[in-house]
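Any read-out appearing in this document is the output of simple, stated calculations on the displayed coordinates, not a laboratory observation. All figures in this text were calculated on a predicted structure; none of them were measured in a lab. Every residue, glycine as well, gets a Cβ built from its backbone with ideal geometry; the counts of neighbours run over all protein chains shown.
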Amino acid sequence: MNTIILTYRNSTKRIIDWQTNQNTTTKFLLSIVFSCLTGIFAQLRIQLPFTPVPITLQTVAVLGSGIFLGPIFGCLAQFFYVLLGASCIDWFTGRTGDLQSLLGPTGGYLIGFIIASFAAGFLREKLITDKFSMKNFFVILIAINFLLIYIPGILQLFFWYKIAEGEILTMNALLIKGVIPYIFGDLLKITALTIYAKF
């Protein structure tokens, strides 16, 4: 167990050292790259018939941007994604992109992307000084994913249904439309990110 913790902490140090050694221009350009990855992963989607929220691969790019670029530039990557999608680029899921998309049923998840990428990067850096294991990091990513992405996501989904559809969702209905169908896929994606972070 001690060997696993040491290996993980050493790999964390290598990533942090790499981040520190990059200049601002490189980090800025990599933020744009992760914005593009988020947009690409948004198109790899499965649209479910009972909810306006599709299954996508965006979680990988969102949490990955924080892990790889750190809190500031990881957050910047997702800020660019949301800002450019709301203003001029059709790269939200379903090849949509305007302010209306940001105000739509999935807009809360988009805001959650910005918060979650910062949190993933911040905690990734802090873990360099702590005793740590893959299990700990896996649990942390799950918490970031389901608290910081899904809470703003389902809050906006609730109000969208109320305002646009005239329907007040019960908590069970809200969870079915906005959380439960995505749990298994997110666990797989977070497992992949945890393994990536180890190296």
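How many lysine pairs are close in the chain, with Cα atoms under 21 Å apart and the two 8 or more places apart or on different chains?
Total qualifying Lys-Lys pairs in the chain comes to 14.
Positive end of the charge dipole of region 2-198 (Lys, Arg +1 and Asp, Glu -1 on Cβ, about the Cα centre): tell me which of Ala42, Leu127, Leu147 has its Cα farthest that way.
It is Leu127.
Around Leu57, what is the net charge, scoring Lys/Arg as +1 and Asp/Glu as -1 over all other residues with Cβ under 9 Å from its Cβ? Kindly include the intermediate steps, with their values, before the conclusion.
On the way: positive: Arg45, Lys189; negative: none.
Combined, the nearby Lys, Arg, Asp and Glu give +2.
Region 58-199: Rg/Rh from Cα coordinates, Kirkwood Rh? It would help to have the intermediate numbers written out before the result.
Working: Rg = 15.7 Å, Rh = 15.6 Å.
Here the Rg-to-Rh quotient is 1.00.
Arranged from highest to lowest average of other beta-carbon atoms within 10 Å per residue, in what order do the peptides 45-55, 171-181, 73-83 appear?
Per-residue mean Cβ counts within 10 Å order the peptides as 73-83, 171-181, 45-55.
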